[in-house]
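Peer 1: Following this message is one structure expressed as structure tokens.
Values in this text are rule-based calculations from the coordinates and carry no lab data. Every value quoted in this text rests on a predicted model; they were computed, and no experiment measured them. Please note: Cβ atoms are built from the backbone with ideal geometry, for glycine as well, and neighbour counts cover all protein chains shown.
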Amino acid sequence: MITQIPLVYYLALAAALFCIGSFGALSRRNAIAVLMGIELMLNAVNINLVAFWRYGAADPLVDQAGIVFALFVITLAAAEAAIGLALIIAIYRSRDTVNVEEINLLKW
Amino acid sequence: MVQNFTLFIPLLPFLAFAIIVLLTRNNNRLSALVAILSIVAALMLSYGVFLEALSEGAELAANPFYGAPIAWMPFGGMTINFGWYVDPIGAAMLFMVPTVCLMIFIYSTAYMRHNHVDEHGHPHAEDDPRYARFFAYISLFTAMMLLLVVSSNLLQFFIAWEVMGFCSYALIGFWSFRGRKEHHIDDAQVGRARGAAIKAFLTTRVGDILFMTGMILLLITLGSLDFNKMYDPAAMNNMLAGLAQPLPGVEWPVVIALLIFGGTIAKSAQFPLHIWLPDAMEGPTPVSALIHAATMVSAGIFLIIRAYPLLEFAQQTSGPAMQIVAFVGAFTALFAATIGLAQNDIKRVLAFSTISQLGYMLAALGIGAFVSGSFHLLTHAFFKALLFLGAGAVIHSIGTNDMFKMGGLIRKMPITGITFFVGAFALMGIFPLSGFWSKDEILLDAMREGFYPHAGMSQDLFLQIIYLMLAIAAFLTALYTGRQLFLTFLGKPRDQAAYDHAHESPVAMWAPLAVLATFTVFLGFWNTPFAPAFFHFVGEGGFMGLPPFEHSEFDPIALTNMLVSTGIALSGFAVAWGLYGFRPIQAGQPDPLARLGFVWKILVNKYWLDELYGYKINLDGTAQPGLLIRLVGAFMRLCAWFDRNVVDGLVNLAGWLSRILARLWGWVDTHIVDGLVNATASVTGEIAEWWRTMQTGNVQNYALMAMVGAMAIAILFLLRSFT
Amino acid sequence: MDVSTIIAQLLFFLVAALTLTAAFLTVLARNVFHAALALVGTFFGVAAIYLMLEAEFLAIVQILIYIGAIAVLILFAVMLTRGLMQHDQISFNHQWAWVALVVGTLFLGMFILILQVPWLQSGAAVTADTVPSLGQQLMTTYLLPFEVVSVLLLATLVGAFIIARE
Amino acid sequence: MDVFVLFYLSPELILMGFALLILGLDLLWRERNAQTLGYLALAALVAALGMSIVLGLRVSATDASGLQWGNQVALFCGVCGGTFADLLYWAPRDLADALYVSDNLTNFFRIVGSLTGIIVLMASFDYMRARKYAGEFYALFLLAVAALIMMAASTNLLMIFLTLEFLSIMSYILTGFLREDKRSIEAALKYFLYGAIASAVMLYGMSLFYGATGSLNLGEIGKVITGDTNYEIMALFAFGLMLAGIGFKIALVPFHMWAPDAYEGAPTPVTAFLSVGPKVAGFAVLLRVVLQVIVVYRNDWVTIFATLAILTMTLGNVVALTQTNLKRLLAYSSIAQAGYMLIGMASISFSANPLEGINAVLIYIAAYLFTNLGAFLVVIAIENKTGAVDLSQYSGMIKRAPGLAVLMVYFMLSLAGIPPTAGFLGKFFVFGAAINADLGWLAAIGVINSVISLFYYMRVIRPMFFEVAPEGAAPITYSRWIRAGLVITSVMTLLIMLLPMPLFNLASYGAQIFGVAMR
């Protein structure tokens, strides 16, 4: 299976996913949707890491750095999501909005 | 023996500063006492050092008293040590600085008390609300000047120099705010003091930065900043040989020498950075005396004295460093003297004369007359302090700075008047006061080198020009000083009310004047052409690795020069008498020189340099930035406007046009009609506003910016690696 | 190109197309709730990619954590803040066109880069189950990050609690 | 793995252990003894500082000539056998297989980090006294300091990412700690969204490095990148992306925009921490990544860093001119300060003395640490009493709090780089390094910038001295902890100037670990 699909395919998929995610993160008004965009970006990175592990590691069994990294990325994504959503809920309570454009008391 | 305690000299006033700030700040008398005691102690110590140096004589020049026991700062492969360095000229400075400072301190105890008449007509004398703080500042100032004089390396020198800059900011702006109960200053004074403090600080900062750059370059190219090792000929030649030229055809030594000279230009108020000094008169008068006589401006000259071997080396090997110094000095001497003619503020006349006299010293140093330039530094400190303090006494008693409201004051204030006359005659260069001997020596050197060269050398046109500029400046000096005397102390009172109010100052104010006058009379005999004792002390042993200076015997040229310079001074004074003394100016009568017409206007407006690139401070306390600053500001506005409108891009045409008109009008309004914008705000403020608008508060904007930034960096990398 | 290659590539393209479609939906959907559902779809797609890359353990983790925890968390948040984002509101901010431009350029750059770089390719096969060795490495080589991340998770818990508590 | 390894990790372990202890005790005591927990946290930080110094001062048994201070100990590496002898002393080497190192550079940042922690903690005692969740605050703060230290010690992409995120997440929580305050929560949310995007971009860059070299260790990656020019484009592109994450921590100019908002909204002690801690740790990571991974392409990154330095200084200084909120002003000032440090980064060229630039950066960091924290302590002391953070509310401070006003002048002069202050020393070294590396023009721009900065530092000083306090304004008193913090910061600001030798030695030992990489 591995020899049949070039590595570049996975990388291109990851790049596309990363760009879609960053588009969402930079242009959605809803803070939760921004968070979703960020999750997409992280997933793209994980595809990269796993593909590089699978194709690049001299012995995929011994050298699992890519997998480990991906695991940690997932864990930290969960932690980030928890903090982010907590902040969004808190903002929602105090301001009645989750629109990123309206969250601009602090500027200039 | 005493020399071992050299480092205590700056430490003592510094301790006074610390004590006043920490302990006695609520007790005015005690604070003043602490300051004066500390300076007396420092004075005794430095007299000890000075006398010891005198006894060693020219020996000391060859082997300066040097110690740098404190390993201080590593830099590259070397270490900079903290210590002291006393050579003859440093010892002479140690005699001058504490003496003058002590006089100023004593004088301040009385000057910082203000007399005012309350609503019932009772006179009151009360201390300035920040009396103790004043003494803390001037103690720190003095401490730093003394540290500068004794410092063993250029970095230590620079640090003292910078702290002094900060003190001058605090002192010039001393009256830049006003408590509720302060009667002695008005709002205009407050505004002027604010502007002047900022102006002084920033203008001198320009020089400091040049100095610092030169210093770092010197450290790197020469490998040391220690005065003891800095001017070692071998290292100097390495500096020339080992490095590529910074610019084609220009060598490092001349670049470094001129950068360091930049520090002097700002600190000693030389053209074109002299603009801060006249405005610095807004500080209390003792501060003016301190800044313009003993400390700050002298520090600039002292820097050139310390860098003298470097200048010599640069001149000999790589470019006209000395000639530039000489020319800037001579030009400033002449230029400031012309402006001095047209000032009505008693202190401003003195300010321009200071600028002019500093130019004299630089010109002397620049033409190689090291000893006479140094000597003029010493004598000038005494008589200029005397003049400032005298002017302060006049202002204190009459309540105005305007000479056209004075007149005939010698009858009311005889002691102040007589001492002021002594100082003024010294400044003019009248025989046999100290100013005569020192100024005469400078002119003699210029004349001898320029017109009567050694055998085998041709006449030097450059030196002849310098001589002529200095001679004309001497004539003008006598003229404006005479004008000041006739307007202030002689003639008839022009403001009867003020005249009636005038009175002789208290003893704490006139006693320092008397002491300074004594020094002014006798100090000159230290270095007469017949018996050049000062020369034997300072010049005969060479200087920091330079060979001994030569002194010509008293000969017909010297005699001619004495006669010529006396003639110049007397003719200047005679012209002043013709204009102002023969028929005293009446109240309301314009200045006779105003008949010069346009030239007079130029002089009154100080060649419009403040308006051109400086920062003009008006009498009413308002201020405008100069044309250059405004042009930059206008350009920034234009950029900002362009940016906003192109980036917005969506405004409709009508709104756009009306906005153009509105903005144009606004531009005219702010820049031409009132033009009272703060200098800083108009230049950087515009950029700041423009950049600040990027901070929209929307985090996604920020993230986009970051994304673009990261991509730009990546792309920049790619571009570089492809090329 | 033999049949198995074609089938494998077809399978990849199918999964990739599904993943990207779901991702697009996540980003473009007006309704945040729909977006969240599409996000779940994307996560499934990525899990399938992991399976194709023979990282089974990671696929399971993806489903358990991403879908089981993160997506559910997001759905909860959507519910809690419901009623704010109506259908008729614009879901994009003012800079979306700029973002599209920048992201498009970024993609182009990444794509060119991906094609140009000689990536490390050993071609080694996975001969045994990777999970035991993974576990072992987590307990030896990667012990320090493992412990640190546990502290981090605890701290995050405390922090989220402080911030979000009524 | 040898248990002895734990000795080399002791500062971090102490901090994390105490953090967990404080969390537990807080659960037990329920808000009753928050102050005690604060003292406990202080004790932990002091212990960590002590252990860092002990680790740093350990004189090597085997090599007396070279690295006398501390050893290079690579921990948790796959290759290392973990015997006692190995751990005691490893000869300087390029750390190809280390995940986490305890070397001189780490020790430098351990000392810097724990000092930051101590001073900020002293400042926060008063601030947190009246507020809820003080116990949690202290615990999370300790964890943030631990994360900062670990970030400086990471030599592996995984560890760098993990610790950077750790520090970020702790910072988000601390920033949003005043959840009743709209601004605090908003600052935290912005900080979070920005940080999450930045770290995702950074991660993508990291994954590219992994793909090209098959390793996550900086040394290993560096070897491959150095050996094969085919990777040049990839390496620089990936580094550009990584810079988004690192630059976010440092607040370099295109990545700085979160900083003023987050600084303004955060509780002031947290602002003080944010303006020093993450910045400093970011520089540690930047040094390691640049000098171990892309060191061969120095021509490229010297240019980039020079450009970024100019942008960062100029923007920070110029925008600070218009600020009236003191926290925001100091935020821009700290952005500008990072620009001066970047001049040091740009000066790490190979001309005369390659380590001079690193040395200058480290010295600048130490000088900046004390100066900036000192300034923030003054702000905190005044805010605690009056709630004022606006410049207009500072008028007449010289009458209300003479000590604070005088110290503020001193710190402002130090930030502006006027002697005799630590700030001058830092600038002297940084500009000197730049001139030595033939970047005189960069130094010149830095110098011009330091003049611009004077304007707004003067703007802080002016109302304190030259304006009249409002009628009936009470004198400002402050607790002994803030006084202690002020004494530490001001004395150190002066001492660094007067006796820079110890700091210079500490920094140059830290810089020497790159000696291998530079050759």
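Peer 1: Could you state the per residue volume, in Å³, of the convex hull enclosing the Cα atoms of the stretch D:245-375?
Peer 2: With only Cα atoms used, the stretch D:245-375 gives 91 Å³ per residue.
Peer 1: What does the structure give for D:224-236 when I average, per residue, the other chain Cβ atoms found within 10 Å of the residue Cβ?
Peer 2: 3
Peer 1: How well do other chains shield peptide D:249-257, expressed as the mean number of their Cβ atoms within 10 Å of each residue Cβ?
Peer 2: 5
Peer 1: Please determine, in degrees from 0 to 90 and to the nearest 10, the orientation of helix A:7-27 with respect to the longest principal axis defined by the Cα atoms of chain A, where the helix direction is its Cα long axis.
Peer 2: Between helix and principal axis, roughly 0 degrees.
Peer 1: Net charge near B:Ser298, counting Lys/Arg +1 and Asp/Glu -1 over other residues with Cβ under 15 Å of its Cβ?
Peer 2: Computed value for this residue: +3.
Peer 1: Which ordering of B:Cys101, B:Cys167 is given by a fewest-first count of other beta-carbon atoms within 10 Å?
Peer 2: Ranked by crowding around the Cβ, least crowded first: B:Cys167, B:Cys101.
Peer 1: Then there is this: Projecting each Cα onto the charge dipole of chain C (Lys/Arg +1, Asp/Glu -1 at the beta carbon, about the Cα centre), which of C:Ala125, C:Gln137, C:Trp96 comes out farthest on the positive side?
Peer 2: Sorting the options by dipole projection puts first C:Trp96.
Peer 1: Angle between the Cα long axis of helix D:268-292 and the longest principal axis of chain D, 0 to 90 degrees, nearest 10?
Peer 2: Orientation of helix D:268-292: about 20 degrees from the principal axis.
Peer 1: I've got another one for you. What average count of beta carbons from other chains do you get within 10 Å of the Cβ of residues in C:20-29?
Peer 2: What the average comes to for C:20-29 is 5.
Peer 1: Which whole-number value in Å³ per residue fits the convex hull of the alpha carbons of the protein assembly as shown?
Peer 2: 190 Å³
Peer 1: Between the stretch C:106-154 and the stretch B:261-305, how many Å separate their Cα centres?
Peer 2: The stretch C:106-154 and the stretch B:261-305 have Cα centres spaced 67 Å from each other.
Peer 1: Can you give me the angle between helix D:104-129 and the longest principal axis of chain D, using Cα atoms only, in degrees from 0 to 90, rounded to the nearest 10?
Peer 2: Tilt of helix D:104-129: around 20 degrees.
Peer 1: Scanning chain D for GluC sites (Glu not before Pro) in DSSP loops with at most 16 other Cβ atoms within 10 Å, what's the longest stretch left with none?
Peer 2: Segment D:181-470 is the longest.
Peer 1: Ok, one more. Expressed in whole Å with the largest first, what are the equivalent ellipsoid semi-axes of chain C derived from the C-alpha gyration tensor as the square root of 5 times each eigenvalue?
Peer 2: 32, 27, 17
Peer 1: Let me ask you something else. If eta is 0.692 mPa s and T is 37 °C, what Stokes-Einstein diffusion coefficient results for the stretch A:2-102, Kirkwood Rh from Cα pairs, in µm²/s?
Peer 2: Answer from the Stokes-Einstein relation: 217 µm²/s.
Peer 1: Need the list of lysines near D:Lys385 for cross-linking: C-alpha distance under 28 angstrom, and skip anything on the same chain fewer than eight residues off.
Peer 2: Those lysines meeting the cut-off are A:Lys107, B:Lys181, D:Lys132, D:Lys182, D:Lys327, D:Lys399.
Peer 1: Right, here's the next one. Rounded, prolate or oblate, given the Cα gyration tensor of the stretch C:1-87, with a/c below 1.5 counting as rounded?
Peer 2: Oblate.
Peer 1: While we're on this one: Residue-wise, which Karplus ³J(HN,Hα) couplings in Hz belong to the stretch D:453-470, taking 6.51 cos²θ - 1.76 cosθ + 1.60, θ = phi - 60°, and x for glycine or proline?
Peer 2: Going residue by residue, I get 4, 3, 4, 7, 5, 5, 5, 6, 6, 4, x, 5, 9, 9, 10, 8, 5, x Hz, with x marking Gly and Pro.
Peer 1: Past 19 Å, Cα to Cα: identify those pairs from B:Lys347/B:Lys606; B:Lys199/D:Lys427; B:Lys492/B:Lys606; B:Lys347/B:Lys384; B:Lys347/B:Lys616, in the order given.
Peer 2: Distance filter (> 19 Å) returns B:Lys199/D:Lys427; B:Lys492/B:Lys606.
Peer 1: Based on the alpha-carbon gyration tensor of the stretch C:54-152 and its eigenvalue square roots a ≥ b ≥ c, which shape applies: rounded if a/c is under 1.5, prolate if not and a/b is larger than b/c, or oblate?
Peer 2: Oblate is the answer for the stretch C:54-152, as a/c is 1.5 or above yet b/c matches or exceeds a/b.
Peer 1: I'd like the chymotrypsin sites (Phe, Trp or Tyr not before Pro) in the stretch B:285-363 restricted to DSSP loop residues with at most 12 other Cβ atoms within 10 Å, sorted by number.
Peer 2: none
Peer 1: Something else about it: Once you keep just the Cα pairs under 8 angstrom separated by 6 or more residues, what percentage relative contact order results for chain D?
Peer 2: Computed value for chain D: 15 percent relative contact order.
Peer 1: May I ask for the net charge around B:Ala497, where only other residues with Cβ less than 15 Å from the Cβ of B:Ala497 are counted and Lys, Arg are +1 while Asp, Glu are -1?
Peer 2: Computed value for this residue: +1.
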